[in-house]
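What follows is a single structure, written as structure tokens, with notes after it.
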Amino acid sequence: MKAKVISIFNHKGGVSKTTSTYNIGWKLAEIGKKVLFVDADPQCNLTGLILGDDFEEYYTDGNGNNIKDAVRSAFEGKPVPIKPIECYTPIENENIYLIPGHMDLSEYDPSLSLALNSNNSISTLQNLPGSFYELIKLCSEKYDIDYVFVDMNPGLSAINQTLFVSSDGFIVPTNPDPFSIMALQTMLKILPRWKKWAEDSRSFFEEATYPLPNKDMRFIGEIIQRFNLRNKKAANAYVPKIKEIKTFIEGDFLSKLEQVEMVYDITMLIEKGLVEGYCLAEISDFGALLPKSHKYKVPVYALSDNQMEQKGKVLGQMKTARDRFNTHFENIAAVIVELVK
């Protein structure tokens with residue numbers, strides 16, 4: 001398929017994985033790319049952002065158009081092929097398509113974990129690892145998708161492993177708190193292990209109905225977010241942690257991933273002035289823009305002046321913040337277009 005799959009992943013919670021997925025994908029859709037969102041987190045926060053008030057009705061209708069029901073036939077061993085679903089498209093952006101999440105998706109994790117570790121010796125499990133990618137591929141072909149963004153759950157589950165090894169590239173959202181480096185250190189051990197598993201295991205699944213895709217899983221960059229500003233800069237309390245994250249990424253993290261060919265070469269992007277390193281952006285809290293974003297079902301940078309529902313100085317401050325966020329996500333979108341081809 002022509003679509004490129006990008007995973008937004010950090011096994012640590014509270015780092016704005018869903019927000020990053022939503023904002024980056026929406027920006028690419030704004031510039032004319034067709035974007036497929038895949039909500040692989042049982043919390044279904046990405047689905048909630050996009051469906052808004054339609055969330056409850058969507059599931060009570062029992063239409064089966066969600067990630068869990070779409071791959072059910074593979075996990076229940078039924079002789080029914082996986083088919084593309086009718087993806088949800090918000091009226092606010094017709095270039096966006098959604099494979100909604102499901103709160104019970106984690107029910108598939110035990111059998112998928114067994115499939116990942118059985119070396120295909122149990123024939124009834126051979127179609128499980130490739131089933132999610134099959135769904136993504138079919139939906140991408142149906143809607144002529146350019147980019148797929150996978151919002152993964154916070155953990156090191158078998159489902160996350162399967163989705164990660166189905167990715168062309170990945171972005172790591174992080175935030176400046178005491179546990180961020182610990183999380184990055186864990187990822188540095190796990191991600192190369194997942195890639196090695198994929199390389200060693202593809203041959204075991206070659207004859208499966210849904211074989212494993214051959215993907216590169218390359219690091220695109222990190223986003224540092226969820227901090228407060230003071231005088232238009234990160235407040236002093238956050239500065240040391242922001243520096244620590246960037247130093248670790250540009251040092252140990254890149255060094256290890258480069259050894260296993262899991263890093264995109266950004267030399268060209270640096271020469272063009274799009275980035276200075278692998279930090280794609282430092283993005284502060286959205287503040288008063290966030291509730292307006294949820295109300296009108298658009299990202300904070302896509303809010304109109306009227307949708308901010310303010311006047312005078314307050315409106316001016318919100319417009320300045322909106323434009324700053326817009327610049328951040330425009331730059332990230334430009335990096336992806338240049339890099340992930």
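Read the figures in this text as sums done on the coordinates, not as results from a lab. Values in this document were obtained by computation on a predicted structure and should not be read as measured data. Virtual Cβ from ideal backbone geometry, glycine too; neighbours counted across all protein chains shown.
A Cα-only calculation for the chain places Rg and Dmax at 19.9, 68 Å. Label separation (Glu107 vs Asp69): 1.2 nm, computed from points 7 Å beyond Cα along the C-beta direction. Across the stretch 4-339, the relative contact order, built from alpha-carbon pairs under 8 Å that are at least six residues apart, equals 21 percent. Solvent-free Debye calculation, one equal scatterer per alpha-carbon of the stretch 1-129: log10 I(q)/I(0) at 0.09, 0.10, 0.11, 0.14 Å⁻¹ equals -0.30, -0.37, -0.44, -0.71.
The local environment of Phe75, defined by Cβ-Cβ distances under 13 Å, has a net charge of -3 under the rule Lys, Arg +1 and Asp, Glu -1. For the stretch 148-164, the Karplus equation 6.51 cos²θ - 1.76 cosθ + 1.60, evaluated at θ = phi - 60°, returns couplings of 10, 10, 9, 8, 8, 7, x, x, 10, 6, 5, 5, 4, 4, 4, 5, 4 Hz by residue, with Gly and Pro reported as x.
If you filter the stretch 237-324 for trypsin sites (Lys or Arg not before Pro), then keep DSSP loop positions with at most 16 other Cβ within 10 Å, what is left? Let's see the in-between values first.
On the way: sites: Lys241, Lys243, Lys246, Lys256, Lys272, Lys292, Lys295, Lys297, Lys311, Lys313, Lys319, Arg322, Arg324; in loops: Lys297, Lys311.
Passing sites in the stretch 237-324 are Lys311.
The share of C-alpha pairs in the stretch 1-56 whose separation exceeds 17 Å stands at 41 percent.
Taking the Cβ of Ser106 as the center, what net charge do the other residues with Cβ under 11 Å away carry, scoring Lys and Arg +1 and Asp and Glu -1? The partial results should precede the final answer.
Values: positive: Lys68; negative: Asp41, Asp104, Glu107, Asp109.
After counting each charged neighbour, the total is -3.
D by Stokes-Einstein for the stretch 54-105, Kirkwood Rh over Cα pairs, 4 °C, 1.567 mPa s: 107 µm²/s. Would you mind checking the tilt of helix 131-143 against the longest principal axis of the Cα atoms of the chain, expressed as 0 to 90 degrees and rounded to 10? Long axis of 131-143 versus the principal axis of the chain: about 60 degrees.
Just round it to a whole percent: the fraction of Cα-Cα distances in the stretch 182-237 exceeding 17 Å. Here the tail beyond 17 Å accounts for 61 percent of pairs.
Placing unit charges on the Cβ atoms only, positive for Lys and Arg and negative for Asp and Glu, gives the stretch 4-339 a dipole magnitude near 1060 debye about its Cα centre. When the trypsin sites (Lys or Arg not before Pro) in the stretch 134-234 are filtered for DSSP coil states and for at most 13 other beta-carbon atoms within 10 Å of their beta-carbon, the remaining sites are Lys232.
Could you compute the net charge surrounding Lys246? Neighbours are other residues with a C-beta less than 11 Å from the C-beta of Lys246; K and R count +1, D and E count -1. Can you show the working numbers first?
Details: positive: Lys241, Lys243; negative: Glu222, Glu244, Glu250, Glu276, Glu282.
Summing Lys/Arg as +1 and Asp/Glu as -1 gives -3.
Quick one: angle between helix 239-248 and the longest Cα principal axis of the chain, in degrees between 0 and 90, rounded to 10, please. In the chain, helix 239-248 runs at an angle near 40 degrees to the longest axis.
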